[in-house]
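**Q** Take this structure first; my questions come after.
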Amino acid sequence: MLTINNVTKHYDKTEALKNISMTIPGGICYGLVGPNGAGKSTLIKMITSIIRDYEGKIEFNEQRISDKTKQKLGYVPQDIVLEENITASGNLYLFGRIYGLNGSKLAQRTKEVLTLIGLSERSKDKVSTFSGGMKRRLNIGCALMHNPELIIMDEPTVGIDPQSRQYIFQMIEELKTAGKTVIYASHYMEEVERLCDNVAFLDRGKMVENGVVSELLQQYAVPSIYIKADRISAEQLEAYGEVSQEKNAFFIYTEEALSAMENVISYCRESDIDIERLELVRPRLEDVFFRLTGSNLRD
Ligand code: ADP
C-alpha cells in the first residue's frame, strides 16, 4: 500500500533521515518507533506531503503522493488542531466540509465518527469543556471524516487519561477490522507491542530494523527469569543463563527459561535459599530495541 524508497531528508545541516526504506502492507497497524529526534515526525510529514523537499521516493498504491492520493490519507498531528469555541459535531462538520462532504452524507458521517470516538453523548458540547483525552479523540475523529484508507497518527496518546487511551486502542482495532491501514508513531513501546502488527525502529534518522512484531521478538529477544532471594549471588545463577542484576534481584536470560526455572528452584531448595519472588519474563519489544541499539527508548 505504501512504499518508502531510500528516503533522505536534511534540515540545513541536520540529517533528519538517512536512506530509509520500508513497505507498509494494507490492513495492518504499522508502528513507527524511536526516541525523540529519531525522525518519526519528519517521515510522517513526508508521507502526508507536508514536507515535499526530500531525496528518494514515497508511493501510495503505486502512485507518487499527490492531491488525489492525499484524499485517501488521514493525518492526526501530534498537536491538537480544534476550534475550542464550537461543539464536537461542529468541528467534525468543518473537517468533513474541507474534504468535500455535505448534506445528509456529512450528517451521517459525523454520527458514525462520533460513535467511533466515543463522543456521541458530548456531540453538542463545546470543545473548551473537554478533557485533554477527549480533545485528542476528537482530533482523531476529524482525520477520519473522509473515511481515509490510511490513517497516520503521530504520538496520539501523549498526556491523556487511561480511558481515552483505551478508546484510542479500541478505535484502532475497529479501523483495522474495517480493512484500514494505520501508521502509529509512538515512543511507548508497550502500546506498539499491543497494537501493531509490524514495526520499524528508527534511531537518529536511521532505520535500525523493521519487520513483523512477533518475528522480531522471536529473533532478537530472549526470555528471562526474574529472581529475588535471600543470600543469592550472580555467580550462583550463571550456570542457568546470562545474568544481569537489578537492585537486589537478578534476571537470567536463557532460551530454555522454563527448564532453567525448574533447575533454579531445585538449586535453591537444595541450598536452603528462600525465594522471595520468581517469575518467567516474556520478552518485550523494549528488549529488542535495547539489543539492537544498546539503549532504552526513553533514556
Ligand atoms: P521525532 O519525531 O522522532 O522526535 P523529528 O522528525 O521531529 O523526530 O526530528 C528529527 C531530527 O530533525 C531532529 O534532530 C530534529 O531536531 C530535526 N528537525 C526536525 N524538524 C526540524 C526543523 N523544522 N528544522 C530543523 N531541524 C529539524
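**Q** Calculate, in nm to one decimal, what Ser271 and Gln218 gain on full extension: separation in residues at 0.36 nm each, minus their alpha carbon distance.
**A** Going from the current span to full extension adds 15.7 nm.
**Q** Evaluate the relative contact order of the chain (contact order divided by residue number), counting alpha-carbon pairs under 8 angstrom at least 6 apart; express in whole percent.
**A** Worked out over the chain, it gives 20 percent.
**Q** Let me ask something additional. With θ set to phi - 60° and the Karplus curve 6.51 cos²θ - 1.76 cosθ + 1.60, what are the ³J(HN,Hα) couplings of the stretch 78-88 in order, to the nearest whole Hz, using x for Gly and Pro?
**A** Coupling constants for the stretch 78-88: 5, 8, 6, 10, 9, 8, 5, 8, 10, 6, 4 Hz.
**Q** Average the reciprocal distances over every distinct pair of alpha-carbons in the stretch 222-282, invert the result, and give the Kirkwood radius in Å.
**A** By the Kirkwood definition, the hydrodynamic radius is 11.2 Å.
**Q** In the stretch 2-213, if the dipole is taken from +1 on Lys/Arg beta carbons and -1 on Asp/Glu beta carbons about the Cα centre, which of Val158, Leu114, Pro77 is farthest to the positive end?
**A** Of the options given, the answer is Leu114.
**Q** Give me Rg/Rg_expected for the chain, where Rg uses Cα atoms only and Rg_expected = 2.2 N^0.38 Å with N residues.
**A** 1.21
**Q** Give the relative contact order (percent, whole number) for the stretch 222-282; include only Cα pairs under 8 Å separated by 6+ residues.
**A** Answer for the stretch 222-282 is 50 percent.
**Q** Going by average Cβ neighbours within 10 Å, how do the peptides 191-203, 106-118, 133-145 rank, with the highest at the top?
**A** Listed from highest to lowest mean packing, they are 133-145, 191-203, 106-118.
**Q** Where the Cα atoms of the stretch 1-58 are projected onto their three principal axes, how long is each span, largest first, in whole Å?
**A** Dimensions of the stretch 1-58 along the principal axes of its Cα atoms: 37, 24, 19 Å.
**Q** While we're here: Take every DSSP beta bridge whose two residues both sit in the chain, then give the antiparallel share in percent to the nearest 5.
**A** In the chain, approximately 65 percent of DSSP beta bridges are antiparallel ones.
**Q** Along the stretch 112-123, what does the Karplus equation 6.51 cos²θ - 1.76 cosθ + 1.60 (θ = phi - 60°) give for ³J(HN,Hα), rounded to whole Hz, x for Gly and Pro?
**A** 4, 5, 4, 5, 4, 8, x, 10, 3, 6, 10, 4
**Q** Could you do me a favour and compute the accessible area per residue for the chain, 1.4 Å probe, result in Å²?
**A** About 50 Å² of surface per residue is accessible.
**Q** Give me the percent relative contact order of the stretch 1-62, please, defined on Cα pairs under 8 angstrom at least 6 residues apart.
**A** Relative contact order here is 47 percent.
**Q** Compute the length gained on full extension between Asn85 and Lys13: take 0.36 nm times their separation in residues and subtract their Cα-Cα distance, giving the result in nm to one decimal.
**A** Taking 0.36 nm per residue and subtracting the Cα distance, the gain is 21.8 nm.
**Q** If you don't mind, another one. I need the calculated FRET efficiency for the pair Lys176 and Lys126, taking r as the beta carbon distance and R₀ as 30 Å, to the nearest 0.05.
**A** My answer for the efficiency is 0.40.
**Q** Take the solvent-accessible surface of the protein heavy atoms, probe 1.4 Å, and return the percent of it on the stretch 222-282 that carbon and sulfur atoms account for.
**A** 43
**Q** Tell me the carbon and sulfur percent of the accessible area for the stretch 2-213, rounded to whole percent, probe radius 1.4 Å.
**A** 46
**Q** While we're here: Hey, for a label at Leu292 modelled as a point 7 Å past Cα toward Cβ, could you say which residues of the stretch 25-51 have their backbone N under 14 Å away?
**A** Counting only backbone N, you get 30-35, 38-40.
**Q** With a point put 7 Å past each Cα toward its Cβ, work out how far Val208 is from Gln245 in nm, to one decimal.
**A** So the label points at Val208 and Gln245 sit 2.6 nm apart.
**Q** In degrees, nearest 10, range 0 to 90: what is the angle between the Cα axis of helix 132-144 and the longest Cα principal axis of the chain?
**A** That works out to roughly 60 degrees.
The values are calculated or read from the model by the stated rules, or taken from the named source; none is laboratory data. Predicted, not measured: the structure shown is a model, and the values here were computed from it. Counting neighbours? That spans all protein chains shown, and the Cβs are built from the backbone with ideal geometry, glycine included. Surface areas here come from the heavy atoms of the whole protein model, side chains and all, with no ligands, DNA or RNA. Shrake-Rupley method; radii C 1.70, N 1.55, O 1.52, S 1.80 Å.
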